[in-house]
Amino acid sequence: MPLPKLSDAQIVWVSRQVAGYIDTQRQTYRPRAVPLDRNQKTAVQSFFPAATLDSARVVVLAGERIGNPPFYGELIKMGFALASLPDFAQMAAITYVDTVVLHEPFTGRVLFHELVHVLQYEKLGLEQFTAKYVSGFLNGGSYEAIPLEMNAHELDARFAAAPTKSFSVANEIQAWIDAGRF
Ligand SMILES: [Zn+2]
């Protein structure tokens, strides 16, 4: 089912809602999230800047799922089918700026993927990250087609295929920014 065509004003409104939601979720989860442990850092330290790994926090939820954003009702009024919107409770993990919230104990690849998002937020800032995430979703028609997700997926796959062959995630993200791919 195709997504509805939104006006520019509606896109701005949705982006603002998403940014506010991300900020609120970060504040909710950050107090009980913990720094990466030594093993987690060791596994990915040759891919990410040390400052990014130091600032990241993770929380693994137990007996609790992340709810969908409060503005989903408004999106449905705008013409979105609920099934076309990302269902947060079904996602393995979600990153709110520098705080990774997971529904289950995670693998190195999932952690890597979420840390790519931490670095994307760091480079773009919350406002720009959100605007590009929303426009990517609206243009691509699905969660998987969002360029910020495609970038993270491409890099986590590269890591999973060769976990000791280091590369700079920061450079890879920057190359996508410079090429206007987000
Ligand atoms: Zn992702």
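What is the gain in length, in nm to one decimal, between residue 65 and residue 110 on full extension, counting 0.36 nm per residue of separation less the C-alpha to C-alpha distance?
Numbers: separation 45, 0.36 × 45 = 16.20 nm, distance 1.74 nm.
Full extension of this stretch gives 14.5 nm more.
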Q.
Quick one: 3J(HN,Hα) in Hz for region 40-56, Karplus 6.51/-1.76/1.60 with θ = phi - 60°, rounded, Gly and Pro as x.
A. 4, 5, 4, 5, 10, 5, 8, 10, 10, x, 4, 4, 5, 5, 6, 7, 5
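Between residue 150 and residue 165, what is 0.36 nm times their sequence separation minus the Cα-Cα distance? Round to one decimal in nm. Before the final figure, lay out each step's value.
Numbers: separation 15, 0.36 × 15 = 5.40 nm, distance 2.04 nm.
So the extension gain works out to 3.4 nm.
Only Lys, Arg, Asp and Glu count, each charged at its Cβ (+1, +1, -1, -1), so figure out the dipole size of the chain about its Cα centre, rounded to 20 debye.
Details: 16 positive and 18 negative charges, 28 e Å.
So the dipole magnitude of the chain works out to roughly 140 debye.
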Q) Of 172, 74, 114, how do they rank once you tally other Cβ atoms within 10 Å and put the fewest first? A) 74, 172, 114
Q. Per-residue HN-Hα couplings for region 160-165, Karplus 6.51 cos²θ - 1.76 cosθ + 1.60 at θ = phi - 60°, whole Hz, x for Gly and Pro?
A. 5, 6, 8, x, 10, 8
Q. When the chain is modelled as a GNM with alpha-carbon springs shorter than 10 Å, which of 141, 73, 20 fluctuates the most?
A. 73
Q | Amide hydrogen neighbours beyond the local backbone of residue 100, cut-off 5 Å, H modeled | A | 57, 58, 59
Q. Taking +1 at the Cβ of each Lys and Arg and -1 at the Cβ of each Asp and Glu, which of 111, 139, 162 sits farthest along the dipole of region 109-170 towards its positive end, judged by Cα position relative to the Cα centre?
A. 162
Q | Ranked list, fewest to most other Cβ atoms within 10 Å of each Cβ, for 103, 153 | A | 153, 103
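All of the numbers you see were taken from the coordinates with simple rules; none came from a lab. The structure presented is a predicted model; accordingly, all values stated were derived computationally and were not measured. Glycine also receives a Cβ, built like all others from the backbone with ideal geometry; neighbour counts cover every protein chain displayed.
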